[in-house]
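What follows is a set of notes on a single structure, which appears directly below.
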Amino acid sequence: MAVFTSVTLGDLTQWIKQFPLGQAVALKGISSGIENSNFFLTTEAGEYVLTIFENLSFEQLPFYLKLMHHLAERGVLVPAPVATHDGELIVALHGKPAAIVSKLEGSSQMAPQAVHCAAVGTMLARMHLAAQDYPLEQPNLRGLDWWNLTTPKVLPYLSAENAHLLRAEMHFQEAFAGCDTYRQLQRGPVHADLFRNNVMFDGERLTGFFDFYFAGCDTWLFDVAVTINDWCIDLATGVLDTARVRAMLDAYHAVRPFTDAEQTAWQPMLRAAALRFWLSRLYDFYQPREAEMLTPHDPTHFERILRERIATPAPELRG
């Protein structure tokens with residue numbers, strides 16, 4: 001959520017009139033994240049988040065915003081997109097697609113305990129089930145095809161040891177994606193980026209998931225693996241905390257039971273989730289874009305996680 005496109009209150013004076021929100025009275029850039037330009041927006045009607053999309057097109061965006069609307073209607077705690085008077089969810093601002101969504105209450109829980117992980121597991125399973133009948137289709141744009149495109153772009157920057165790790169893991173994941181077990185995995189819309197800073201809590205009460213702009217159709221197990229790899233680890237080492245892992249997996253399984261194929265695919269999928277974010281952080285670090293308040297994430301964090309997932313089996317899906 002860096003700021004690539006600057007916006008002032010004056011820029012919004014006329015623009016905001018197409019929404020049923022009254023006048024804009026305050027605007028503040030959000031510094032975390034690295035994909036879009038995001039702002040806390042206060043209007044006469046309340047508090048919202050304004051996003052200007054730097055990479056996604058007008059054609060791609062309905063998938064994300066309509067997914068959020070679909071989930072909200074089914075009781076999943078997500079921000080609600082605000083439509084214009086004409087019913088549009090996406091409008092141009094400074095020549096780029098923009099949207100306004102409701103602001104969730106609470107704050108991110110950056111030092112989660114087992115109780116927080118259980119709440120995330122429950123809501124993630126509810127989200128997957130609620131999205132089963134979502135009619136729009138879009139692949140995970142940071143899936144295997146993107147990994148294959150990005151690997152040659154980052155290899156020249158890597159040490160011989162890390163280049164070997166990347167090539168070997170790509171070979172492993174290509175084979176895994178082609179196997180029968182992978183083809184049997186349950187699929188549907190996934191968040192694909194459910195890190196600690198994309199979930200809000202009020203104490204121990206989960207108040208919502210947000211930042212759905214990496215969502216796409218993929219295996220539900222990939223979504224679980226991405227989430228486990230952030231919520232249930234020691235940040236310094238990448239080692240999994242068994243109590244937090246068990247809390248999240250058991251809570252998820254109670255809502256949407258894991259299948260035998262998912263049990264078999266669990267260890268490779270944890271590696272896939274680590275690889276995806278190692279690759280994206282390598283790309284953002286070595287080929288950065290200019291933005292106000294942008295600090296690229298350290299790629300070595302997910303290198304450590306990937307090496308740890310290869311070396312040490314994780315707790316089983318079903319305890």
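The values are calculated or read from the model by the stated rules, or taken from the named source; none is laboratory data. All values reported here derive from a predicted model rather than from experimental measurement. Positions of Cβ are generated from backbone atoms using ideal geometry, with glycine treated the same way; all protein chains shown enter the neighbour counts. In case anyone asks, the SASA skips ligands and DNA or RNA and just uses the protein heavy atoms, side chains included. Shrake-Rupley method; radii C 1.70, N 1.55, O 1.52, S 1.80 Å.
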Kindly establish whether Leu194 is open to solvent by less than 40 Å² (accessible area, probe 1.4 Å), touching a Leu at 6+ places or on another chain (Cβ under 9 Å), among the aliphatic types (A, V, I, L, M) and not in a helix (DSSP H, G or I). yes
Out of everything in the range 150-167 that is free of Cβ contacts under 8 Å to residues at least 40 places away in the same chain and open to solvent by 40 Å² or more (accessible area, probe 1.4 Å), what residue ends up being nearest to Phe285 (Cα to Cα)? Pro156
State which residue pairs qualify: first residue free of Cβ contacts under 8 Å to residues at least 60 places away in the same chain and inside the range 138-149, second residue open to solvent by 70 Å² or more (accessible area, probe 1.4 Å) in any location, beta carbons under 9 Å apart, and separation of 6 or more residues or different chains. Leu144/Glu174; Asp145/Pro139; Asn148/Glu174
Hey, among the residues in the range 27-70 that are of a type in the set (Asp, Glu) and either under 28 Å from Arg281 (Cβ atoms) or assigned to a strand (DSSP E or B) (or both), which one's most open to solvent (accessible area, probe 1.4 Å)? Glu59
Kindly check whether there is at least one residue in the range 246-253 that is in a loop (DSSP other than H, G, I, E, B), touching a Lys or Arg at 6+ places or on another chain (Cβ under 8 Å) and open to solvent by less than 10 Å² (accessible area, probe 1.4 Å). no
When (1) of a type outside the set (Gly, Ala, Ser); (2) part of a helix (DSSP H, G or I); (3) touching a residue at least 40 places away in the same chain (Cβ under 8 Å) are applied to Arg281, the one that fails is (3)
On the basis of being farther than 22 Å from Leu240 by Cβ, open to solvent by 50 Å² or more (accessible area, probe 1.4 Å) and in contact with a Gly (Cβ under 6 Å, 6 or more places away or on another chain), does Gln132 make the cut? yes
Considering only the range 219-245, how many residues are of a type in the set (A, V, I, L, M, F, W, C), assigned to a helix (DSSP H, G or I) and open to solvent by 50 Å² or more (accessible area, probe 1.4 Å)? 1
